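*Asks:* Dropping the structure in here first, questions after.
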Amino acid sequence: MNKVLFFAHLRDVVGEESLMVEASGKTVAELKAELAGKYDLPRLETVMTAINEEFASNDEVIQDGDEIALIPPVSGG
Amino acid sequence: MNKVLFFAHLRDVVGEESLMVEASGKTVAELKAELAGKYDLPRLETVMTAINEEFASNDEVIQDGDEIALIPPVSGG
Amino acid sequence: MNERYSRQVLFPGIGKEGQEKISRKHVLIIGAGALGSGNAEILARAGVGKITIVDRDYVEASNLQRQQLYTEEDVAEKLPKAAAAEKRLKAINSDVEVRAIIGDATPEMLEELVPDVNVMIDATDNFETRMGMNDAAQKYNVPWIYGACVGSFGMSFSIIPGNTPCLNCLLRTIPLQGMTCDTGGIISPTVQMVISHQTAEALKMLVEDWEAVRTSFVSFDLWRNQYSSMKMSKAKFAGCLSCGEERTYPYLDRDNMTKTTVLCGRDTVQIRPAKAGEISLEQLSAQLCSLGYKVKGNPYLLSVEMGGERMVIFQDGRALIHGTKDLTHAKTIYQRIMG
Amino acid sequence: MNERYSRQVLFPGIGKEGQEKISRKHVLIIGAGALGSGNAEILARAGVGKITIVDRDYVEASNLQRQQLYTEEDVAEKLPKAAAAEKRLKAINSDVEVRAIIGDATPEMLEELVPDVNVMIDATDNFETRMGMNDAAQKYNVPWIYGACVGSFGMSFSIIPGNTPCLNCLLRTIPLQGMTCDTGGIISPTVQMVISHQTAEALKMLVEDWEAVRTSFVSFDLWRNQYSSMKMSKAKFAGCLSCGEERTYPYLDRDNMTKTTVLCGRDTVQIRPAKAGEISLEQLSAQLCSLGYKVKGNPYLLSVEMGGERMVIFQDGRALIHGTKDLTHAKTIYQRIMG
């Protein structure tokens with residue numbers, strides 16, 4: 001199992017700070033596509049992903065037990 | 001073994017961000033006394049201690065593997 | 001050394017030598033909104049030799065809640081932000097040379113300004129300008145500090161050409177719609193925490209303590225008590241067009257920028273985003289409604305009342321701003337909503 | 001709702017209802033130095049109904065590097081900080097009622113002010129005043145927010161009577177010598193990050209979002225890129241004299257406070273700390289020397305030149321301040337060095 005943490009407005013859309021999902025063997029892009037479909041999340045392509053607090057690209061493969069954080073870049077200032 | 005993290009001026013006195021010490025079975029007060037003697041650290045009685053990111057009183061006993069942080073209260077403002 | 005900086009000189013990370021370096025350096029701040037005014041005040045107080053600050057906007061009542069250099073008088077006089085900032089910065093520290101530029105940070109302007117500065121600070125409110133800054137920083141080898149915030153959520157990342165990944169490595173493309181303070185709201189503590197990170201990094205760069213510069217990407221949420229520090233060593237992208245081996249600096253190219261045109265005799269500006277793409281009008285409509293804007297629409301377009309102007313947004317991101325002929329003003333309105 | 005606060009009202013944690021609550025609340029800020037001026041500016045911009053700010057000091061050149069409400073003109077006029085703060089806060093937001101008190105936050109003053117406020121903010125520079133604030137907060141059931149910083153290191157903790165541990169639970173006794181900005185230096189980003197945490201917590205309390213209030217003790221080092229969040233549920237001390245069952249509020253008792261006396265006909269003030277204890281003159285001497293003070297001494301005392309005054313410190317913490325008859329000024333000088 002994998003814990004997925006949501007930051008900023010992603011958390012509002014999902015309604016939870018984190019979810020437990022089975023993502024082992026999937027790529028980051030696959031996980032994003034799955035979440036986007038399930039929760040009507042907007043534009044996940046440009047959302048940054050950390051696996052175990054380290055930046056991960058969209059083609060990185062998730063291992064069992066990895067903690068994934070989805071951090072949307074914001075533009076306010 | 002235990003990792004001891006030093007914050008603020010304690011780090012300057014010790015010269016390292018962290019040290020590995022054998023503290024298992026000792027109380028926080030005993031560890032502080034030992035460190036104070038070894039590194040000429042001032043006034044450790046009022047330095048706050050966290051064990052595994054949780055506040056610990058001076059009579060708490062340290063377990064093997066516990067991570068200890070020494071956080072001196074500062075008064076500047 | 002001046003008594004004025006004594007507490008900063010006492011700090012071992014700065015010292016006398018560091019203070020002398022600070023006093024000879026030049027910092028460029030793009031934007032004089034919340035992040036810009038806060039960064040400028042801290043760096044002026046710290047005694048930076050020269051500060052150049054660029055902004056295209058003027059001071060409005062809704063800025064006062066978080067933009068720290070400005071007062072009610074500046075709103076009454078409708079002063080341009082760069083001019084109001086300059087006035088206050090000089091009252092704070094007359095030793096600092098302040099250059100205020102009222103205008104849009106276009107690729108041309110960045111190419112002119114960036115080669116002369118030691119550090120650049122991101123205080124803009126849109127990704128298009130940031131990508132231009134990122135390219136200019138890489139081209140002229142100037143470190144810069146990304147910062148952004150919305151609501152109680154903020155982030156910061158230090159970008160050093162030749163060393164760290166760049167903003168284009170992280171995003172690969174300009175997000176079609178980022179969350180802005182005009183769509184998600186903002187509280188002042190969030191702004192201040194981004195500023196804390198940006199100015200701490202700027203001071204490290206100004207005293208040339210490169211070892212101390214933060215290598216992780218920080219993000220935090222003050223209302224939800226979250227703080228995250230993401231390691232970035234794997235984020236550098238070899239094929240990056242901004243910092244990779246075959247770089248082209250795409251965002252310094254006018255062809256890749258948002259285009260603004262006055263529609264003849266119609267008191268209307270057309271905005272065409274650099275990258276065509278489908279936006280969700282339904283989501284945008286729901287979001288704008290919940291923010292209290294008057295929105296009407298059909299499957300092909302949305303029409304939004306915004307003060308004196310009306311913005312019509314099409315599905316490909318193109319928009320018409322009715323009620324103005326001012327290109328910069330129209331772009332400001334567009335990027336406030338679209339990020 | 002005022003357009004002025006629109007971006008804050010947009011933030012879901014505040015909203016219209018929250019903004020109305022904020023506009024009816026009263027915040028007490030103890031200290032108008034770096035933390036005090038920054039907290040006051042943010043809360044005034046946020047539209048807090050009434051702000052009372054207390055400070056015993058006046059504006060000096062060395063304050064300008066980090067104390068954000070003040071200008072070179074305030075230094076030239078040697079304005080009391082509370083008065084200078086009031087002037088700027090009114091220019092920023094004329095809706096806010098500002099009460100400026102020029103004086104020392106003694107137990108008597110705290111007992112008078114604290115019962116009338118909704119939230120109290122710690123912006124003082126010494127533990128004696130903080131312990132008085134802590135007792136008054138417990139006695140009158142007012143939440144308050146501890147904050148402190150030195151160098152690049154800072155900390156914050158929200159204290160809610162009847163709920164969280166109190167400052168006396170954590171410290172059990174006043175530290176005999178805390179690190180201050182006058183001994184360890186300070187950079188402005190550190191101040192701002194403490195302020196971010198304090199004001200975010202204050203806003204949560206003002207809108208009565210008690211669930212959002214941070215329960216952990218935050219400490220961070222901006223130069224060393226450290227951030228720590230310590231859980232505090234085990235820190236509550238049942239025998240605490242400030243918040244336990246048999247509470248006596250010891251720090252509201254004059255007998256437990258630092259005593260200041262003018263020595264007749266000698267232009268000298270004697271300072272006697274509340275708690276006798278041995279201080280290390282050797283360490284203090286080394287520290288003060290490295291900070292550039294002129295220090296002379298023997299095994300029994302140290303003599304330090306500080307601008308117009310000379311301070312002689314004895315091993316039990318007692319001190320003589322030569323060159324002044326002003327009790328408050330003498331105490332300020334003492335606590336700047338001794339914390």
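*Asks:* Any residue at all in segment C:150-158 that's more than 12 Å from chain D (Cβ to nearest Cβ) and at pLDDT 95 or above?
*Replies:* Restricting attention to segment C:150-158, the residues satisfying the condition of being more than 12 Å from chain D (Cβ to nearest Cβ) are C:155, C:157.
Still in the list and also at pLDDT 95 or above: C:155, C:157.
Yes, segment C:150-158 has at least one match.
*Asks:* Need the failing condition index for A:Leu35 against (1) facing another protein chain (nearest Cβ under 8 Å); (2) open to solvent by less than 70 Å² (accessible area, probe 1.4 Å), just the number.
*Replies:* (1)
*Asks:* Select from segment D:237-260 the residues that are hydroxyl-bearing (Ser, Thr, Tyr) and assigned to a loop (DSSP other than H, G, I, E, B) and list them in ascending order.
*Replies:* Going through segment D:237-260, the residues hydroxyl-bearing (Ser, Thr, Tyr) turn out to be D:242, D:248-249, D:251, D:258, D:260.
Within segment D:237-260, D:Ser242, D:Thr248, D:Tyr249, D:Thr258 meet the criteria.
*Asks:* Among the helices (runs of 4 or more DSSP H) confined wholly to segment C:77-183, which include 3 or more residues that are closer than 26 Å to C:Ser219 by Cβ?
*Replies:* Values: elements: C:81-92, C:107-113, C:127-140, C:167-171.
Per the criteria, C:127-140, C:167-171.
*Asks:* Do you know which residues across segment D:85-108 are open to solvent by less than 40 Å² (accessible area, probe 1.4 Å) and more than 9 Å from chain C (Cβ to nearest Cβ)? Before you say what the answer is, go through the steps one by one.
*Replies:* Taking segment D:85-108 first, the residues open to solvent by less than 40 Å² (accessible area, probe 1.4 Å) are D:85, D:88-89, D:92-93, D:96, D:98, D:100-101, D:103-107.
Answer for segment D:85-108, where residues must be open to solvent by less than 40 Å² (accessible area, probe 1.4 Å) and more than 9 Å from chain C (Cβ to nearest Cβ): D:Ala85, D:Leu89, D:Val96, D:Val98, D:Ala100, D:Ile101, D:Gly103, D:Asp104, D:Ala105, D:Thr106, D:Pro107.
*Asks:* Being of a type in the set (Ser, Thr, Tyr) and in a loop (DSSP other than H, G, I, E, B) is the filter; apply it to segment D:261-311 and report the residue that is most open to solvent (accessible area, probe 1.4 Å). Let's see the steps before the verdict.
*Replies:* Step one: of segment D:261-311, the residues of a type in the set (Ser, Thr, Tyr) are D:261, D:268, D:280, D:285, D:290, D:293, D:300, D:303.
Now drop any that are not in a loop (DSSP other than H, G, I, E, B), which leaves D:280, D:293, D:300.
Details: D:Ser280: 46, D:Tyr293: 55, D:Tyr300: 157 Å².
My answer is D:Tyr300.
*Asks:* Which residues, taken from segment C:192-234, are among the aliphatic types (A, V, I, L, M) and in a loop (DSSP other than H, G, I, E, B)? Can you show your working first?
*Replies:* Residues of segment C:192-234 among the aliphatic types (A, V, I, L, M): C:193-195, C:200, C:202-203, C:205-207, C:212-213, C:218, C:222, C:230, C:232.
Residues satisfying the conditions are C:Val207, C:Ala212, C:Val213, C:Leu222, C:Met232.
*Asks:* Out of all the residues in segment C:111-162, which are polar (S, T, N, Q), in contact (Cβ under 8 Å) with a residue 60 or more places away in the chain and surrounded by fewer than 23 Cβ atoms within 10 Å (Cβ to Cβ)?
*Replies:* We begin by selecting, within segment C:111-162, every residue polar (S, T, N, Q); these are C:118, C:124, C:126, C:129, C:134, C:138, C:141, C:152, C:156, C:158.
Among the residues that remain, those that are also in contact (Cβ under 8 Å) with a residue 60 or more places away in the chain are: C:118, C:124, C:126, C:129, C:134, C:138, C:152, C:156.
If the condition is that a residue be polar (S, T, N, Q), in contact (Cβ under 8 Å) with a residue 60 or more places away in the chain and surrounded by fewer than 23 Cβ atoms within 10 Å (Cβ to Cβ), then C:Asn118 is the only one that fits.
*Asks:* Tell me the residue from C:Leu222, C:Leu241, C:Leu170 that is more than 20 Å from the chain's Cα centre (by Cα), in contact (Cβ under 8 Å) with a residue 60 or more places away in the chain, open to solvent by 10 Å² or more (accessible area, probe 1.4 Å) and assigned by TED's automatic domain parsing to the domain that holds C:Trp144, please.
*Replies:* Values: C:Leu222 fails: open to solvent by 10 Å² or more (accessible area, probe 1.4 Å); C:Leu170 fails: more than 20 Å from the chain's Cα centre (by Cα).
Answer to the selection: C:Leu241.
*Asks:* Can you say whether C:Glu41 is assigned by TED's automatic domain parsing to the domain that holds C:Asp125, modelled with pLDDT of 95 or more, open to solvent by 10 Å² or more (accessible area, probe 1.4 Å) and touching a Leu at 6+ places or on another chain (Cβ under 9 Å), as far as the supplied structure shows?
*Replies:* Values: assigned by TED's automatic domain parsing to the domain that holds C:Asp125: yes; modelled with pLDDT of 95 or more: yes; open to solvent by 10 Å² or more (accessible area, probe 1.4 Å): no; touching a Leu at 6+ places or on another chain (Cβ under 9 Å): yes.
So C:Glu41 fails the test.
*Asks:* Can you pull out every residue in segment C:282-305 that is of a type in the set (Asp, Glu) and either under 17 Å from A:Asp40 (Cα atoms) or within 14 Å of chain A (Cβ to nearest Cβ) (or both)?
*Replies:* Taking segment C:282-305 first, the residues of a type in the set (Asp, Glu) are C:282, C:305.
Selection gives C:Glu282 alone.
A quick yes/no check of all residues on (1) in contact with a Gly (Cβ under 9 Å, 6 or more places away or on another chain); (2) more than 8 Å from chain D (Cβ to nearest Cβ):
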{"residue": "C:Glu3", "(1), (2)": "no, no"}
{"residue": "C:Gly13", "(1), (2)": "yes, no"}
{"residue": "C:Leu28", "(1), (2)": "no, yes"}
{"residue": "C:Ala34", "(1), (2)": "yes, yes"}
{"residue": "C:Ile42", "(1), (2)": "no, no"}
{"residue": "C:Arg45", "(1), (2)": "no, no"}
{"residue": "C:Asp74", "(1), (2)": "no, yes"}
{"residue": "C:Pro80", "(1), (2)": "no, yes"}
{"residue": "C:Ala83", "(1), (2)": "no, yes"}
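*Asks:* When the residues of segment D:248-260 are narrowed to those that are open to solvent by 50 Å² or more (accessible area, probe 1.4 Å) and at pLDDT 85 or above, which ends up nearest to D:Cys169 (Cα to Cα)? Show your work before the answer.
*Replies:* Here is the first cut: in segment D:248-260, the ones open to solvent by 50 Å² or more (accessible area, probe 1.4 Å) are D:248, D:253-256, D:259.
With the extra rule that they be at pLDDT 85 or above, the set shrinks to D:248, D:253.
Numbers: D:Thr248: 14, D:Asp253: 18 Å.
Checking each candidate, the answer is D:Thr248.
*Asks:* If you check B:Asp64, B:Asp12, which single one turns out to be of a type outside the set (Gly, Ala, Ser) and in contact with a Ser or Thr (Cβ under 6 Å, 6 or more places away or on another chain)?
*Replies:* Working: B:Asp12 fails: in contact with a Ser or Thr (Cβ under 6 Å, 6 or more places away or on another chain).
Within the list B:Asp64, B:Asp12, the selection yields B:Asp64.
*Asks:* Turning to a different aspect of this structure: Which one of the conditions (1) away from chain D (no Cβ under 14 Å); (2) closer than 20 Å to D:Ala200 by Cα does C:Leu170 fail to meet, given that it meets all the rest?
*Replies:* For C:Leu170, the failing item is (2).
*Asks:* Hey, another quick one. Among what's in segment D:1-18 and is open to solvent by 20 Å² or more (accessible area, probe 1.4 Å) and among the polar types (S, T, N, Q), pick the residue that is farthest from D:Ala202 (Cα to Cα).
*Replies:* D:Asn2
*Asks:* Any idea which of (1) in the same structural domain as D:Ala136 (by TED's automatic domain parsing); (2) touching a residue at least 40 places away in the same chain (Cβ under 8 Å); (3) of a type in the set (Asp, Glu) is the one D:Glu246 doesn't satisfy?
*Replies:* (2)
*Asks:* Looking at segment D:130-149 only, could you name the residues that are closer than 24 Å to D:Leu203 by Cβ and not aliphatic (A, V, I, L, M)?
*Replies:* D:Arg130, D:Asn134, D:Gln138, D:Tyr140, D:Asn141, D:Pro143, D:Trp144, D:Tyr146, D:Gly147, D:Cys149
*Asks:* For segment D:185-201, enumerate the residues that are facing chain C (nearest Cβ under 7 Å) and within 29 Å of D:Cys289 (Cα to Cα).
*Replies:* The answer is D:Gly185, D:Ile186, D:Ile187, D:Ser188, D:Pro189, D:Gln192.
*Asks:* Further question: D:Trp210 passes all but one of (1) in the same structural domain as D:Cys166 (by TED's automatic domain parsing); (2) open to solvent by 20 Å² or more (accessible area, probe 1.4 Å); (3) under 23 Å from D:Met131 (Cα atoms); which number fails?
*Replies:* (3)
*Asks:* Counting just the residues of segment B:52-77 that are crowded, with 21+ Cβ neighbours inside 10 Å and β-branched (Val, Ile, Thr), which one comes out nearest to D:Gly31 (Cα to Cα)?
*Replies:* Here is the first cut: in segment B:52-77, the residues crowded, with 21+ Cβ neighbours inside 10 Å are B:55-56, B:62, B:68-77.
From what's left, β-branched (Val, Ile, Thr): B:62, B:68, B:71, B:74.
On the way: B:Ile62: 39, B:Ile68: 33, B:Ile71: 24, B:Val74: 16 Å.
The residue in question is B:Val74.
*Asks:* Only one residue in C:Tyr293, C:Tyr334 is without any contact (Cβ under 8 Å) to a residue 60 or more places away in the chain and either closer than 22 Å to C:Glu60 by Cα or not assigned by TED's automatic domain parsing to the domain that holds C:Leu171 (or both), so which one is that?
*Replies:* Of C:Tyr293, C:Tyr334, the one residue that is without any contact (Cβ under 8 Å) to a residue 60 or more places away in the chain and either closer than 22 Å to C:Glu60 by Cα or not assigned by TED's automatic domain parsing to the domain that holds C:Leu171 (or both) is C:Tyr293.
*Asks:* Looking at segment C:53-73, can you tell me whether even one residue there is part of a helix (DSSP H, G or I), of a type in the set (Asp, Glu), open to solvent by 10 Å² or more (accessible area, probe 1.4 Å) and touching a Ser or Thr at 6+ places or on another chain (Cβ under 8 Å)? Explain how you work it out, then say what you get.
*Replies:* Residues of segment C:53-73 that are part of a helix (DSSP H, G or I), as a first pass: C:61-63, C:72-73.
Okay, now just the ones that are also of a type in the set (Asp, Glu), so C:72-73.
Imposing the further condition that a residue be open to solvent by 10 Å² or more (accessible area, probe 1.4 Å) reduces the set to C:72-73.
Adding the requirement that they be touching a Ser or Thr at 6+ places or on another chain (Cβ under 8 Å) leaves C:72.
Scanning segment C:53-73 turns up at least one residue that is part of a helix (DSSP H, G or I), of a type in the set (Asp, Glu), open to solvent by 10 Å² or more (accessible area, probe 1.4 Å) and touching a Ser or Thr at 6+ places or on another chain (Cβ under 8 Å).
*Asks:* Within segment C:195-219, how many residues are closer than 20 Å to A:Phe6 by Cβ and either touching a Ser or Thr at 6+ places or on another chain (Cβ under 7 Å) or among the basic types (Lys, Arg) (or both)?
*Replies:* Within segment C:195-219, the subset closer than 20 Å to A:Phe6 by Cβ is C:216-219.
Now narrow it down to the ones that are either touching a Ser or Thr at 6+ places or on another chain (Cβ under 7 Å) or among the basic types (Lys, Arg) (or both): C:216, C:218-219.
The qualifying residues number 3.
*Asks:* Okay, next question. Every residue in segment A:44-62 that is touching a residue at least 24 places away in the same chain (Cβ under 8 Å) and among the charged types (D, E, K, R), please. Break it down into steps so the answer makes sense when it comes.
*Replies:* Our first condition is that a residue be touching a residue at least 24 places away in the same chain (Cβ under 8 Å); within segment A:44-62, this holds for A:44, A:46-48, A:56-62.
Answer for segment A:44-62, where residues must be touching a residue at least 24 places away in the same chain (Cβ under 8 Å) and among the charged types (D, E, K, R): A:Asp59, A:Glu60.
*Asks:* Quick one: which residue in A:Glu54, A:Glu17, A:Glu45 is modelled with pLDDT of 95 or more and facing chain C (nearest Cβ under 9 Å)?
*Replies:* Going through A:Glu54, A:Glu17, A:Glu45 in turn, the sole match is A:Glu54.
The values are calculated or read from the model by the stated rules, or taken from the named source; none is laboratory data. Owing to the predicted nature of the structure, the values given are computational and were not obtained by experimental measurement. Don't worry about glycine lacking a Cβ; one is built from the backbone with ideal geometry, like all the others, and counts go over all protein chains shown. We work out accessible area using only protein heavy atoms, side chains counted, and drop any ligands, DNA or RNA first. Shrake-Rupley method; radii C 1.70, N 1.55, O 1.52, S 1.80 Å.
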